[in-house]
Amino acid sequence: MTANTGVARVILRLAVPVPLRRLFDYLPPEGLTADDLRPGQRFWVSFGNRNLVAVLVDVVAESPLAELKPALERIDRQPIFDDRSRGFLQWAADYYQAPLGELYAAALPVALRKGKPADHWAEPWLELTTEGKGLPESALARAKKQQSLLQLLLGSGRQSRTALNARGLNSTVCKALVERGLARWVSGPTAPPPMELVEPRPAPALNDEQREVIEAVSAEGFSASLLEGTTGSGKTEVYLRLMERALRAGRQALLLVPEIGLTPQTLRRIAARFPDFRIAALHSGLADGERARAWLSAASGVADIVIGTRSAIFTPLPRLGVILIDEEHDGSFKQQDGVRYSARDLSVVLAKNAGVPVLLGSATPSLESLHNALSGRYQHLRLRHRAGNARPPEISLVPILHQQLQEGFAPQVLRHIDQTLKRGEQALVFINRRGYSPALTCDDCGWLADCPHCSAKLTLHRRQRHLRCHHCDFRMREVHSCPQCHSRNLNALGAGTERSEDFLTHTFGNFPVIRVDRDTTASKQALDRLLEPARNGEPCLLLGTQMLAKGHHLPKVTLVVIQDADGGLFSADFRAPERMGQLLEQVAGRAGRGELPGHVLVQSRYPEHPLLQLLLNKGYGAFARQLMEERKIAQLPPIRAMALVRAECEEPRWAEEFLANARDYLQALAPPSPELQYLGPVPALLERKSGRFRFYIQITADRRGLLQKLLAQFSQWAESSKNRRLRWAVDMDAQELS
Ligand code: ADP
Ligand code: ZN
Ligand code: ZN
């Protein structure tokens, strides 16, 4: 522990979870030598006055520092990150200008991030002895249960106790085999938590389009493909077949889904197709222990299928064979705080590193992926027809300007809903706002309920009797008189899902009205239960936010109503029309997914708007290609690369000042030119959030490499300048200007 003596030393270079873009050197903990150290192991270290869990990146002989502390304790004997995943995390840290320690933290489930040892989840596994392996499948014919256990082990190698129990092979059967000297228990890595048992469901025969798509995806080696296929065209079936191909080759399949796409329904569908494979689901709905267990089963190579949301991309997968991204356009693949990575974009990097195919699927591809497909960087695959018997829905615009509306609904829309329900079918009403009303105001003095911490209005939630900010979650009791003039003439302006629920329940009282939004579906199971009557095919009226747009296959829905299509037409965010188009197409895609034809009614104040016309008459494909032309003219992403440098703090002046200096620094490195442009500092669309003012500089470049080099230098500069009062971040490939 003394200063450098010239003798070869052993120094740990660790990624520590702190917001600093560098690694930290420590000496090995007492009693450990070079032989005990392998990159990918976790260590407890003391950092400042805290103890943190760090990951070993490298073992070196020299350190620029003379005085080094020893790390406190080694947590893992076996590394929990393999070489490939460490290389991948390093790549992501460099690309997103993020501290490597924070990336490791993002990769780990909470329990492992907090230092829980991996062998906490180790399990007993049953494996055959040499004698057992020598038996034919037909042996033990007189003890049926023992025979099926033998056959299972002969076919699949060892099995964890949980998996055996889930198959109804209890400890008595196992014990019998062990006592005959045919099998033995060993301790092994954790297996994924058992799935609820589902009836195995065989695959449908593929149609020609699906077969062509599957044949186009390489079985071996890297390839990137965009699968552009209308809703209901059988994309999921394609994912399942590509998964199967990898599984049969002894490889792991990774399926990434949007945050609200990982429903029990999706899991059931996959479990029903692959009853013999081990499935690990990674999502935020899991308890810490379950999640750590699922993660470790993937990282140790035990799980065959890994389904997860965004952060699952960082799970080490030693046998990775294929990556599938469902609804690749979905905004939840991009993390919007901390390390601002895009799991979708990273999936292509990971596939390349691992030498495996990646398929990005969507009915409404992002302009980014479409651009990559149209320029030949990705293979462009299409599914143009709905699978099975379903036909595309008929879409009509309903003008609502100068119309007598009832709580936001045109009379003809209400008539359609009525007829649909009376025919015994289901209707779905899409409203892009939860709560009762998005604004509460005083009719006498003009007072408006604002969030005290954000530049935003409070939403009235009448069920919970409070006003709530949807940006910072500030809450206050519902008021019945004006805080400013004490008048009782308060007016709730506009309608959210609660208010529409009241109205629709009142109007169509004979039928169940099911409201689906974040307030009614605290858990994934809640959503599943809520949709039960709809799945059973009873006539009912579904009403909800974009949660309803995704993934649910409800064959009895024949009418879809989009209450307000205008949101995306006039926004300051250049991506707003793209998002509006995606949402409309996805919601419309819920109509007529079964035998019955579907009808979509779209209410709009601007039915003549050319973008809306294009979308409804020609579909999302033509609409997106038109938007691409506009991006070309405006030189915006995906034509050019874009990054934001963001800053936020309590005093707007400081953030603006910091960014003005940042811009000077950047421009001194690389002056503005046709290839490189700067904008700002400008306030973010949501200028104040949680009491902090937010600004950014926008940088666009025609080469991503140029932007990369510039931002790497900038990050070093920004980190060395003392800015304790403000937070700054680089947002590479920024998706939101808010
Ligand atoms: P998507 O993921 O594109 O929305 P799905 O894969 O969910 O589409 O397919 C929509 C419906 O069509 C599902 O009920 C599915 O079982 C069915 N389906 C898919 N492929 C076929 C096929 N080749 N033959 C018959 N039915 C199919
Ligand atoms: Zn008032
Ligand atoms: Zn707020």
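Residues in segment 699-718 that are crowded, with 16+ Cβ neighbours inside 10 Å and under 19 Å from PRO681 (Cα atoms): ILE699, THR700, ALA701, LEU707, LEU710, LEU711, PHE714, SER715, ALA718. Please find, among LEU421, LEU381, LEU324, the residue that is touching a Phe, Trp or Tyr at 6+ places or on another chain (Cβ under 7 Å) and in a strand (DSSP E or B). It is LEU324.
If you check every pair at least six apart or on different chains, which have Cβ atoms under 8 Å apart with a residue in segment 605-618 that is assigned to a helix (DSSP H, G or I) first and a residue that is modelled with pLDDT under 90 and surrounded by fewer than 17 Cβ atoms within 10 Å (Cβ to Cβ) second? The qualifying pairs are LEU611/LEU569; LEU612/LEU569. Would you say ALA647 is under 14 Å from ASN723 (Cβ atoms), outside the structural domain of ALA624 (by the TED database) and among the aliphatic types (A, V, I, L, M)? Yes, satisfied.
Within segment 156-180, if we keep just the residues that are within 15 Å of PHE274 (Cβ to Cβ) and of a type outside the set (A, V, I, L, M), the residue that is surrounded by the most Cβ atoms within 10 Å (Cβ to Cβ) turns out to be ARG167. Scanning segment 659-701 for residues that are in a helix (DSSP H, G or I) and within 32 Å of the chain's Cα centre (by Cα), which turns out farthest from SER455 (Cα to Cα)? That would be ALA662. Does GLY285 fit the bill of being within 26 Å of ALA534 (Cβ to Cβ), under 15 Å from the mean Cα position of the chain (by Cα), more than 16 Å from ligand 1 (Cβ to nearest atom) and not aliphatic (A, V, I, L, M)? Yes; evaluated as a whole, the condition is true for this residue. The residues of segment 278-321 that are in a loop (DSSP other than H, G, I, E, B) and farther than 15 Å from VAL257 by Cβ, listed by number, are ARG278, ALA287, SER300, GLY301, VAL302, ALA303, ASP304, PRO316, LEU317, PRO318, ARG319.
I need a count of the residues in segment 453-469 that are within 9 Å of ligand 3 (Cβ to nearest atom) and without any contact (Cβ under 8 Å) to a residue 24 or more places away in the chain. So the answer is 2. Could you list, ordered by first residue, the pairs with Cβ atoms under 7 Å in which the first is in segment 230-247 and assigned by the TED database to the domain that holds GLU328 and the second is of a type in the set (Asp, Glu) and away from ligand 2 (no atom under 16 Å from the Cβ), at least 6 apart or interchain? That search, which allows pairs on different chains as well, returns TYR239/ASP326; LEU247/ASP304. So in segment 181-216, with the set limited to residues that are closer than 28 Å to TYR620 by Cβ and touching a helix residue (DSSP H, G or I) at 6+ places or on another chain (Cβ under 6 Å), which one is surrounded by the fewest Cβ atoms within 10 Å (Cβ to Cβ)? Among those residues, the one meeting the criterion is ILE214.
Residues of segment 448-483 that are within 16 Å of ligand 2 (Cβ to nearest atom) and part of a loop (DSSP other than H, G, I, E, B): ALA449, LEU458, GLU478, VAL479, HIS480, SER481, CYS482, PRO483. Residues in segment 437-447 that are over 25 Å from PHE508 (Cα atoms) and either part of a loop (DSSP other than H, G, I, E, B) or away from ligand 3 (no atom under 16 Å from the Cβ) (or both): THR441, CYS442, ASP443, ASP444, CYS445, GLY446, TRP447. Take the conditions (1) more than 16 Å from ligand 1 (Cβ to nearest atom); (2) assigned by the TED database to the domain that holds PHE430; LEU548 misses just one of them, which is (1).
Condition check ((1) over 30 Å from THR558 (Cα atoms); (2) under 27 Å from the mean Cα position of the chain (by Cα)) across all residues:
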{"position": "LEU421", "(1), (2)": "no, no"}
{"position": "VAL429", "(1), (2)": "no, yes"}
{"position": "TYR436", "(1), (2)": "no, no"}
{"position": "LEU440", "(1), (2)": "yes, no"}
{"position": "CYS451", "(1), (2)": "yes, no"}
{"position": "MET476", "(1), (2)": "yes, no"}
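Is there any pair with a first residue in segment 386-402 that is closer than 19 Å to GLY581 by Cβ and without any contact (Cβ under 8 Å) to a residue 24 or more places away in the chain and a second that is basic (Lys, Arg) and surrounded by 13 or more Cβ atoms within 10 Å (Cβ to Cβ) whose Cβ atoms are under 7 Å apart and which are 6 or more apart or on different chains, and what are they? Listed pairs, sorted by first residue: none to list. Among the conditions (1) in contact (Cβ under 8 Å) with a residue 24 or more places away in the chain; (2) under 27 Å from GLU425 (Cα atoms); (3) surrounded by fewer than 13 Cβ atoms within 10 Å (Cβ to Cβ), PHE503 misses just one, which is (3). Only one of these is within 16 Å of ligand 3 (Cβ to nearest atom), of a type in the set (D, E, K, R) and at pLDDT below 95: ARG499, ARG434. Name it. Testing whether each residue is within 16 Å of ligand 3 (Cβ to nearest atom), of a type in the set (D, E, K, R) and at pLDDT below 95 leaves just ARG434. Mind checking whether some residue in segment 561-570 is within 16 Å of ligand 1 (Cβ to nearest atom) and in contact (Cβ under 8 Å) with a residue 60 or more places away in the chain? Checked segment 561-570: no residue is within 16 Å of ligand 1 (Cβ to nearest atom) and in contact (Cβ under 8 Å) with a residue 60 or more places away in the chain. The helices (runs of 4 or more DSSP H) located wholly in segment 170-252 that include 3 or more residues which are within 15 Å of ligand 1 (Cβ to nearest atom) occupy 208-216, 235-248.
Across segment 398-411, a minimum of one residue is classified as under 30 Å from MET628 (Cα atoms) and not in a loop (DSSP other than H, G, I, E, B).
The values are calculated or read from the model by the stated rules, or taken from the named source; none is laboratory data. Here the structure is a predicted model, which means the values were calculated and not measured. A quick note on method: Cβ atoms are made from the backbone with ideal geometry, for glycine too, and the neighbour counts reach across all protein chains shown.
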